[in-house]
1. If a residue must be outside any helix (DSSP H, G or I), of a type outside the set (Asp, Glu) and open to solvent by 60 Å² or more (accessible area, probe 1.4 Å), how many such residues does segment 1-53 contain?
2. Which members of segment 158-179 meet the condition of being among the charged types (D, E, K, R) and over 22 Å from SER104 (Cβ atoms)?
3. Only residues that are closer than 30 Å to ASN40 by Cα and either within 17 Å of the chain's Cα centre (by Cα) or in a loop (DSSP other than H, G, I, E, B) (or both): list them for segment 90-115, please.
4. Only residues that are among the charged types (D, E, K, R) and either in contact with a strand residue (DSSP E or B) (Cβ under 6 Å, 6 or more places away or on another chain) or modelled with pLDDT of 90 or more (or both): list them for segment 18-37, please.
5. Pull up segment 196-238, narrow it to residues that are over 30 Å from PHE66 (Cβ atoms) and of a type in the set (A, V, I, L, M, F, W, C), then point me to the one that is modelled with the highest pLDDT.
6. Would you mention how many residues in segment 59-107 are free of Cβ contacts under 8 Å to residues at least 24 places away in the same chain and open to solvent by less than 60 Å² (accessible area, probe 1.4 Å)?
7. Can you pull out the residues in segment 196-238 that are part of a helix (DSSP H, G or I), open to solvent by less than 20 Å² (accessible area, probe 1.4 Å) and either touching a Pro at 6+ places or on another chain (Cβ under 7 Å) or of a type in the set (Phe, Trp, Tyr) (or both)?
8. Within segment 120-157, take every residue that is more than 20 Å from ARG65 (Cβ to Cβ) and charged (D, E, K, R) and give me the one that is farthest from the chain's Cα centre (by Cα).
Amino acid sequence: MFLDSYYSNNDGELSFTREQASHFAKRVAGDFNPLHDEDNKRFCVPGDLLFSVLLANVGLSQKMRFEFAGMINESSCLLIDIKSPTELAVIDCTGKVYMDVIRSGETTKDKVLISQVTKNYVQFSGMNFPHIMVPLMKSKDIMINPTRPLVIYECMELDFTRLDLNAPTVELTDSIIEVEGKRGSVTLHFCFKENGEIVGTGSKRMLMSGLKPYCQDGIDDLVSRFNERKDKFNATNS
């Protein structure tokens, strides 16, 4: 699968190097969050990579809910703990939980379909900033800290009506921002379509902290630096 170069599986133990995780974020997701830079002291593995690797290993079920419980770095060695047919978790060797998953309905292990679903979802997910996040923040007159932007996954859900699919695409259907003091959340609702038919829905919730009053100059600088990082990476990794 396309994921093979972005993680290692050693007899069921999953791990990620900084380069693997960073290149997945940038090459596959178009995600240039500084937290995924190889040289960032606060480096963490993208939640979308963990989600993709999990599906590649356990399959895609009609209904799935993922709750992210911790940030993963290059020293994390993870296991998939299948508690029951409907409950599983991603844990480390000490038993610390990094993701809880609840699933139901039919399950497919069709590698082609799973690759298409994860690729299309991750590419959609990576468009959060600046296309979706900036207008939402402006609507509430707040913004993330431009010097230390922090936006992290909390949870996501998938709900397919059927799994006899080929390459469903992903489209945004709604976006909601909630703010309480210096903290906030953004929930994205989306659908999966194939041949014009809606074949599934989903949602993704992200948490923000260190919020500040909205400043257009600050946002413009943040977006400019985002685009510069993107152009520089693409120029050196084309």
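1. Within segment 1-53, residues that are outside any helix (DSSP H, G or I), of a type outside the set (Asp, Glu) and open to solvent by 60 Å² or more (accessible area, probe 1.4 Å) number 6.
2. Scanning segment 158-179 gives GLU171, ASP174, GLU178.
3. Passing the criteria: VAL90, CYS93, THR94, GLY95, LYS96, TYR98, MET99, ASP100, VAL101, SER115.
4. Across segment 18-37, the qualifying residues are ARG18, GLU19, LYS26, ARG27.
5. CYS215
6. 6
7. Within segment 196-238, GLY218, LEU222 qualify.
8. ASP141
The values are calculated or read from the model by the stated rules, or taken from the named source; none is laboratory data. Small disclaimer: the values here were computed from a predicted structure and weren't measured. Heads up, the Cβs are rebuilt from the backbone with ideal geometry, glycines too, and the neighbour counts pull from every protein chain shown. To get the accessible areas, we keep the full protein, side chains included, count just its heavy atoms, and leave off ligands, DNA and RNA. Shrake-Rupley method; radii C 1.70, N 1.55, O 1.52, S 1.80 Å.
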